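The values are calculated or read from the model by the stated rules, or taken from the named source; none is laboratory data. None of these values were measured; they are calculated from a predicted model. Backbone-built Cβ (ideal geometry, glycine too); neighbour counts: all protein chains shown.
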Amino acid sequence: MTLLLLMLALAGYLVYLDHTVRQQFEGRRFALPARVYARPLELFVGKKLEPGQLVAELKMLRYSANDDPTRPGQYSYKGHTVSVHVHDFTFWDGAQPARRLSVNFSRGAITALTDFQTGRNIDLTRLDPVPIGGIYPAHNEDRVLVRLEQVPNSVVDALIAIEDHNFYNHWGIDPRGIARAFYTMVTGQRVQGGSTLTQQLVKNFYLTPERTITRKFNEILMALLLELHYDKRDILETYINEVYLGQDGNRAIHGFGLASRFYFNRSIEQLELHQSALLVGMLKGPTYFDPRRHPKRALERRNLVLAEMQRQGLITQMELDAVRYRGLDVSDNPGVGASAHPAFLELVHRQLRRDYFEDDLRSEGLQIFTTLDPIVQAAAEHSLSRRLDQIERARRLPADLLEGAVVVTSALNNEIHAIVGGRRPRFEGFNRALDAERQIGSLMKPAIYLTALSKPDRYTLVTPLDDSKLVWKEAGTDDWSPENYDKEFHGEVPLRMALANSYNVSSARLGLALGVDEVIETAHLLGVEREMPPFASTLLGTVNLTPLEVAQMYHTLATGGFHMRLGAIREVLTADGKPLQRYPLKVEQTIGAAPAYLITAALQDVVREGTARRLSQYLPPGINAAGKTGTTDELRDSWFAGYTGDRVAVVWVGNDENKNTRLTGSSGAMTVWGDMMAQLGPEPLVPPQPENVERVRIDVATGLRADEGCSDTVELPFIQGSAPEKTAPCASQSTGKKIRSWFQRVIGKD
C-alpha cells in the first residue's frame, strides 16, 4: 500500500512537472524587455548638419570606420563626404532596406544624397535609431531573440564540442555526468560536471541555482520531459537565446544574439569562427573570461575551444591554423548598462505607465520610438558637466558641490530632445530634471508681464512702472518688502526694461496691481499644472517647480501661445513590428498671439541688453534668442530658461542640500545654456508678427514716438491702437530745425 501511494505521488508530481515544462516552453518562453530608441536621424538635401555630427551619431550606433564600407554597419569619412552602409530597419511606417549611401556636405548642410550602387539621388532616408536602453524584466535581463537558421554553424558546432558532444543522441541526460554531479554534492570535491545542454536549459529556465539533491532530481526529470515533447532544434534554439554571457553595468547579457552585438558590434549571422569560439568558451564563466577585462584568459579559453573542435573533426587543421593566432576582435565601445541616458529613459517609462501595465513593459518586447535627439543630448550632457567643473575651479568651490539639470525641447512641436538629470549623466540616481522641486525665482516674471501685455488699454512695453520701496501688508502673513538684486530703487522704469533688468520691486507692484490670482491663472495657461499659493511672494517665484515644468511653461511662450503637452514618445510597436500606440500632437491656443509676440520681444531684450546680455559671448549675431535669468534668495538656485527659432531649453544649477552656491542665473545656469547652444548652432528666432500688431519707433528717453531725427530710438511692437500718440521732443525739435534750415537756404542767410 505504501509503495502504491508513493507511485501515485510520483505520478502526480510528474504530471505537475510535465504541465510546468510545457506551459512555459510553449507559452511566453522569454520575458522580453521593451526596447527604447532615440529618434532616427533623417537625411535629406538641405538638412542643417555637420559631417562630424553624422559621424558622432554613427559611432553611437556602433558603426565601424572602414575605407570601403561594403557591409551594413560600416562608414568612411573623407573630405566633405561620408559614405555609410546603413542597416535594414523596420520603422513604424514600414521597413527600410540596408543600402550604401554617399552624403556630401558644404557649409554645415547636406548638399547631395545618393545611392552608392545606382548613383541615383535620394529624397529622404533615415539611419537606424540609436538604442538608448530598455525597460527590463526581473534581474535586468536583456536579449535579442534569434532563430536557429540565423545562427552560424560555427556557434552550434562549438556548443556541441564543448558543452554536450552527445547532444543529438541522448534523451536529455548523461548518466555518467549525473553520477559525477551527485558525487560532487555528496563529497564536496570539485569534480568535472556533466550536465547536458538540455539540463543546463532546464536549470536556467525553470529552476533556482541552489546545489541540492532535490533540485538535481527535478532537473533530471524535467530534462527527460523536455526531450519527450520537443525536438532537438527547439531545445537548441531556446538554449542559444537563454544562456547568460556577461554583464553590462546593471544589464545582464543573455543569448548569443545580444552577445554578438555587445562584444563584436555585429549581428549573429556575421560571426566568424574565432568569434563563435570565444562566445562559447565564455559560457564556463562569463565574468572570469570577460574578453575586455581579462583578454589573456579569454584568448586561452577561445583557443581551447578551437582545438577541441578540430579534435572532434568539426573544423580542419587548416581552419584552426588560420584563426588560432588572430586577436579577440572585441569592439572598443562596450555598453553603458541599462541605458546611456537614464534620466530621459525614466521620463519615457513614466509616460508609458499611463497607457501600459508594468508587466507588459517588462516582458512583451515592445519597441518604443522616442523623441530623444542624441546630438542634442550629448551637447547638454557635455556642457553641464564641463561648465560645473569650470565654475567650481574658478570660484574655488568644493569639488562636486554643484549639481544641475537640463531639459531641451523642440520649439516647433512638443518633442523633448534631451533630459539631463545631473552632472553625472550615466548615474541612475536622483533625476533632478523631473523631481528637483526648487524655487524658480525670476522665471515667474514673464507670467506677470504677459498678464499685463494682454491688457493693451493699460500696459505696453513702454508703460512706466514704479520701482520705489514697497511694503505689502496681508492678513495672516508677515509684511512683505521685496528688494532688487542691486539693493537700489530705480524710480520710474519702462515695462520692458523692468523685465530686462529683472527688477523685483516694479515687478511685484505690477503683479499686485493685476492681481496675484490673475497672474497665477496666466501661469496655468502657460502649462503649469500644480497649484500655486496665492501669496504676493509667489509673484517673485517662491513657488517650487521642476525643470521639466519650467520647460513646459516657456515652451508655450516659444510657440506663440500654443500649449502642447511635452512628450518623449513618438510611436510604440509590438515585438513583431505592428503599430500599437500613437501619440498625436494636441495643440490648444491658451495665450493670445499678440501678447505672446510682445512678451517674446521683451524676453529678447533680456538677452540683448538685460541680465542675459553676456549670452552674446556664446551665440553668433542674429540669433535673437529670448530668455530669462532666475536667481533665488541666498543664491540657492541659478536658472536660465530661453528659446531660439528651433529649441527651448531650461537649465538649473544648485546643490542638493539647498545651500548658497554664490551663483546668479547669469553666472551659473546661463553659461551652461550658452555653451550648449553654441555647440548646436541654433536657428534665429523670428516669430511671425500677428496682423493686429504694428511696429513703432520709440524715443528711449521719453517712451514717446520718434522719427529719424531722434538719436536714441528703438523699434517696438504694439497691439494696434496702444502705441503712444504723442511724439518725443527730439522729433518735434528735429522738424523745427529742418523748417528753419530750409527757410534760411531760400532767403540766402546763414
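Is at least one residue of region 595-617 within 24 Å of the chain's Cα centre (by Cα) and at pLDDT 95 or above?
no
Checking each residue in region 9-36 for being touching a strand residue (DSSP E or B) at 6+ places or on another chain (Cβ under 6 Å) and either in a loop (DSSP other than H, G, I, E, B) or modelled with pLDDT of 95 or more (or both) picks out only Pro33.
Name the residue that is surrounded by the most Cβ atoms within 10 Å (Cβ to Cβ), counting only residues in region 542-600 that are farther than 28 Å from Gly404 by Cα and of a type in the set (Asp, Glu). Checked region 542-600; the qualifying residue surrounded by the most Cβ atoms within 10 Å (Cβ to Cβ) is Glu571. Against the conditions (1) within 20 Å of Met564 (Cα to Cα); (2) buried (at least 16 other Cβ atoms within 10 Å of the Cβ); (3) modelled with pLDDT of 90 or more, Leu352 satisfies every one except (3).
Just the residues that are of a type in the set (A, V, I, L, M) and more than 13 Å from the chain's Cα centre (by Cα), please, taken from region 391-430. Don't jump to the end; show me each part of the working.
Taking region 391-430 and keeping what is of a type in the set (A, V, I, L, M), we get 391, 394, 397, 399, 401-402, 405-408, 411-412, 416, 418-420.
Listed by number, the residues that qualify are Ile391, Ala394, Leu397, Ala399, Leu401, Leu402, Ala411, Leu412.
The condition of being in a loop (DSSP other than H, G, I, E, B), under 22 Å from Ser502 (Cβ atoms) and touching a helix residue (DSSP H, G or I) at 6+ places or on another chain (Cβ under 8 Å) does not hold for Ile599.
With the structure loaded, tell me whether Ala405 is surrounded by 16 or more Cβ atoms within 10 Å (Cβ to Cβ), over 26 Å from Asp637 (Cβ atoms), hydrophobic (A, V, I, L, M, F, W, C) and in contact (Cβ under 8 Å) with a residue 12 or more places away in the chain or whether it fails that test. No; evaluated as a whole, the condition is false for this residue.
Can you report the number of residues in region 263-285 which are surrounded by 21 or more Cβ atoms within 10 Å (Cβ to Cβ) and of a type outside the set (A, V, I, L, M)? Total satisfying the criteria: 6. The numbered conditions (1) in contact with a Ser or Thr (Cβ under 7 Å, 6 or more places away or on another chain); (2) over 30 Å from Ile135 (Cα atoms); (3) among the charged types (D, E, K, R) are all true for Arg570 except (2). Residues considered: Leu514, Leu525, Leu453, Leu465. Of these, the only one that is touching a Lys or Arg at 6+ places or on another chain (Cβ under 7 Å) and at negative phi is Leu465. Only one entry of Arg396, Arg386 meets the criterion of being surrounded by fewer than 23 Cβ atoms within 10 Å (Cβ to Cβ) and in a loop (DSSP other than H, G, I, E, B), and that entry is Arg396.
Within region 650-666, the set of residues being over 23 Å from the mean Cα position of the chain (by Cα), surrounded by fewer than 19 Cβ atoms within 10 Å (Cβ to Cβ) and not acidic (Asp, Glu) comprises Asn658, Lys659, Asn660, Arg662. Exactly one residue among Leu320, Leu397 is in contact (Cβ under 8 Å) with a residue 40 or more places away in the chain and among the hydrophobic types (A, V, I, L, M, F, W, C), and that residue is Leu397.
In region 572-583, is there at least one residue being outside any loop (DSSP other than H, G, I, E, B), in contact (Cβ under 8 Å) with a residue 12 or more places away in the chain, more than 30 Å from Ala38 (Cβ to Cβ) and in the same structural domain as Ser638 (by TED's automatic domain parsing)? No, every residue in region 572-583 fails to be outside any loop (DSSP other than H, G, I, E, B), in contact (Cβ under 8 Å) with a residue 12 or more places away in the chain, more than 30 Å from Ala38 (Cβ to Cβ) and in the same structural domain as Ser638 (by TED's automatic domain parsing). The set of residues in region 285-307 that are touching a residue at least 24 places away in the same chain (Cβ under 8 Å) and either under 16 Å from Ser260 (Cβ atoms) or part of a loop (DSSP other than H, G, I, E, B) (or both) comprises Pro286, Thr287, Asp290, Pro291, Arg292, Ala298, Arg302, Val305.
The single condition among (1) modelled with pLDDT of 90 or more; (2) closer than 24 Å to Ala34 by Cα that Asp359 does not meet is (1).
Residue by residue, here is whether (1) basic (Lys, Arg); (2) in contact with a strand residue (DSSP E or B) (Cβ under 9 Å, 6 or more places away or on another chain) holds:
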position	(1), (2)
Leu510	no, yes
Glu518	no, no
Arg530	yes, yes
Phe535	no, yes
Val572	no, yes
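Could you tell me whether Arg126 is over 14 Å from Leu314 (Cβ atoms), touching a residue at least 60 places away in the same chain (Cβ under 8 Å) and surrounded by fewer than 17 Cβ atoms within 10 Å (Cβ to Cβ)? Can you show your working first?
Values: over 14 Å from Leu314 (Cβ atoms): yes; touching a residue at least 60 places away in the same chain (Cβ under 8 Å): yes; surrounded by fewer than 17 Cβ atoms within 10 Å (Cβ to Cβ): yes.
Taking the combined requirement at face value, the residue satisfies it.
Of everything in region 648-671 that's in a loop (DSSP other than H, G, I, E, B) and small (Gly, Ala, Ser), which residue is nearest to Lys445 (Cα to Cα)? Please lay out each step first, then the result.
Going through region 648-671, the residues in a loop (DSSP other than H, G, I, E, B) turn out to be 655-668.
If we keep only those that are small (Gly, Ala, Ser) as well, we get 665-668.
On the way: Gly665: 14, Ser666: 16, Ser667: 19, Gly668: 19 Å.
If we take residues in region 648-671 being in a loop (DSSP other than H, G, I, E, B) and small (Gly, Ala, Ser), then Gly665 is nearest to Lys445 (Cα to Cα).
Is it fair to say Glu415 is outside the structural domain of Glu521 (by TED's automatic domain parsing) and either more than 17 Å from Met670 (Cβ to Cβ) or not small (Gly, Ala, Ser) (or both)?
Numbers: outside the structural domain of Glu521 (by TED's automatic domain parsing): no; either more than 17 Å from Met670 (Cβ to Cβ) or not small (Gly, Ala, Ser) (or both): yes.
Judged against the criteria, Glu415 is not a match.
Given the criteria over 24 Å from the mean Cα position of the chain (by Cα), within 30 Å of Leu304 (Cβ to Cβ), surrounded by fewer than 20 Cβ atoms within 10 Å (Cβ to Cβ) and aliphatic (A, V, I, L, M), does Leu159 qualify? For Leu159, the condition - over 24 Å from the mean Cα position of the chain (by Cα), within 30 Å of Leu304 (Cβ to Cβ), surrounded by fewer than 20 Cβ atoms within 10 Å (Cβ to Cβ) and aliphatic (A, V, I, L, M) - is not met.
Give Gly645, Gly630, Gly674 a once-over and let me know the one that is surrounded by 18 or more Cβ atoms within 10 Å (Cβ to Cβ) and either at pLDDT below 95 or not in a helix (DSSP H, G or I) (or both). One residue alone meets the criteria, Gly630.
Each row is one residue, and each column tells you yes or no for (1) modelled with pLDDT of 90 or more; (2) under 30 Å from Ala418 (Cβ atoms).
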| residue | (1), (2) |
| --- | --- |
| Phe256 | yes, no |
| Arg266 | no, yes |
| Gln275 | yes, no |
| Leu306 | yes, no |
| Arg324 | no, no |
| Val336 | no, yes |
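Against the conditions (1) modelled with pLDDT of 75 or more; (2) hydrophobic (A, V, I, L, M, F, W, C); (3) part of a loop (DSSP other than H, G, I, E, B), Ala158 satisfies every one except (3). Total residues in region 423-443 satisfying the condition of being touching a Pro at 6+ places or on another chain (Cβ under 6 Å) and part of a loop (DSSP other than H, G, I, E, B): the figure is 1.
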